[in-house]
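Reading through the structure tokens given below for one structure.
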Amino acid sequence: MADVNSILRNATILVADNDPDNLSLIRDLLKDHCKEVAVASDGKKALKMAQSGSSPDIILLDITMPKLNGYEFCKQLKADPSTCSIPIILLADANEAIDESYGFEVGAVDYITKPISSAIILARVKTYLEINNLRTVLHDQKTLFESQVQERTANLMATQYASIYAMGYLSETRENISGNHMSRNQNYVKLLAEKLSSHPRFSSFFIEDNVIDLLVMTAPLHDIGNVGIPDRILLKPGRVTPDEFEIIKSHTQLGLAVILKTERDLGIEVPIFNFAKEIIYSHHERWDGSGYPEGLVGNNIPIPARIMAIADVYDALISRSVYKTPMTHEQAVKIILEGKGTHFDPDIVDAFGAVHEQFQRIAQTYPNSEQDYRKKIDYLEKAIAINP
């Protein structure tokens, strides 16, 4: 950090006084100690000089300036973001009636009374230049620290997101769904969440700025529990038996168990997993209580799970699988609208109805390819051959 004398040597000082003798005296006192001493004989000229491209580092200002007095000068200088940090020392005659508290209120940092003392001038100028330099250094350090924190936070979020994506892809490789299922679901969830964020029933849920981002980020984990379902059931080309369906239903508990075990092993509760746990465990619940695993009814079903329910069902309906052909967009919309108040939250169904055409555009943007489907069939045939 620079010492105070070097700070002074590199400083530009503006002196504003309508008395030519005072201007000359102060300039002569300071010119050998600093880089530049600028002078002004009235307040307006001084303000224009201060607000020029090369602002002074400190201002010595007579209170009783013509055209613009010292107090008004302070007000205008401090109102300008580009000059508000410049220290102002007011100059006043010893016999002059001054309102010191008002001077400090409008932005001055100190008073010096005339006649001018060279020792006092130098001491005060050095003090406030050093204070202002320290303030600048602290501000720069704070800015650097905030930038580093933001960078580290962004890196942490990217790492978390990558981990979640990897877990989601792991789940997808075990399912008989091909292609961009995960990307579609994320975009469906985002679209529904944005539509619901201004709804009176859901406004308190969306009060934090990052809620939608967290929903989108954790959506890929909704079926992570499928990694624990045997291939012979998960990849079965025909319809499953009631007993097999009970095993499939256990993917909600298996998925939740994975997240809870992760948190236990880490010894902390991971905030980013809060929505994930609700989505994983409850996105198969139904509004009328006929879903699983808990048979939750209505508002007892977590909001993230209710949103995911519609996104997941829509995508399942329009997607081709080894045991069914895809439905049209219109057929899928009809089924979801018919599920209002039984399968799905009525207000979320209304939100879906308002944006369903955008759902179709998302599906068209992230389609399932025939190549992906054939790869899945090949995988299925090999899996069945190994585990008949």
- Could you list the trypsin sites (Lys or Arg not before Pro) in region 274-331 that lie in coil according to DSSP, counting only those with at most 10 other Cβ atoms within 10 Å of their Cβ? none
- Query: Out of every Cα pair in the chain, what percent are spaced more than 34 Å from each other?
  - Reply: 52
- Query: Based on Cβ point charges of +1 for Lys and Arg and -1 for Asp and Glu, what charge dipole magnitude is obtained for the chain about its Cα centre, in debye rounded to the nearest 20?
  - Reply: 1100
- Taking only the C-alpha atoms, wrap a convex hull around region 209-288 and report its volume per residue in Å³ as a whole number. 120
- Query: Considering only the chain, what is the antiparallel percent among its DSSP beta bridges, to the nearest 5?
  - Reply: 5
- Item | trypsin sites (Lys or Arg not before Pro) lying in DSSP loop within region 188-252, provided at most 13 other Cβ fall within 10 Å | Arg201, Arg239
- Item | Calculated [θ] (222 nm, deg cm²/dmol) that DSSP helices of n ≥ 4 give over the chain, each run adding -39,500 (n - 2.57) | -18500 deg cm²/dmol
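Compute the accessible area per residue over the chain, keeping the other protein chains in place, probe 1.4 Å, unit Å².
Working: 19920 Å² over 388 residues.
Counting only protein heavy atoms, the per-residue value for the chain is 51 Å².
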- Task: Report, in debye and to the nearest 20, how large the dipole of region 1-42 comes out about its Cα centre when Lys and Arg carry +1 and Asp and Glu carry -1 on their Cβ.
- Result: 240
- Fully extended, how many nm does the chain gain between Gln148 and Glu269 (0.36 nm per residue separation, minus their Cα-Cα distance)? 41.1 nm
- Across the alpha-carbon set of region 224-380, Rg over Rh with Rh taken as the Kirkwood radius works out to 0.98
- Query: Could you state the number of Å between the C-alpha centres of region 277-355 and region 193-252?
  - Reply: 10
- Task: Mean Kyte-Doolittle of at least -1.0 plus a Cα span of 18 Å or more along the axis: flag which DSSP H helices in the chain meet both, please.
- Result: 118-174, 181-196, 251-266, 303-318, 346-365, 370-386
- Task: Please count, across region 217-346, the pairs of lysine residues with Cα atoms under 25 Å apart that sit 8 or more places apart or on different chains.
- Result: 10
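The values are calculated or read from the model by the stated rules, or taken from the named source; none is laboratory data. Just so it is clear, the structure is predicted and the values come from calculations on it, not from any experiment. FYI the Cβ positions are ideal-geometry reconstructions off the backbone, even for glycines, and counts take in every protein chain you see. Ligands, DNA and RNA are stripped out before the accessible areas are found, and what is left, the full protein with its side chains, is counted by its heavy atoms. Shrake-Rupley method; radii C 1.70, N 1.55, O 1.52, S 1.80 Å.
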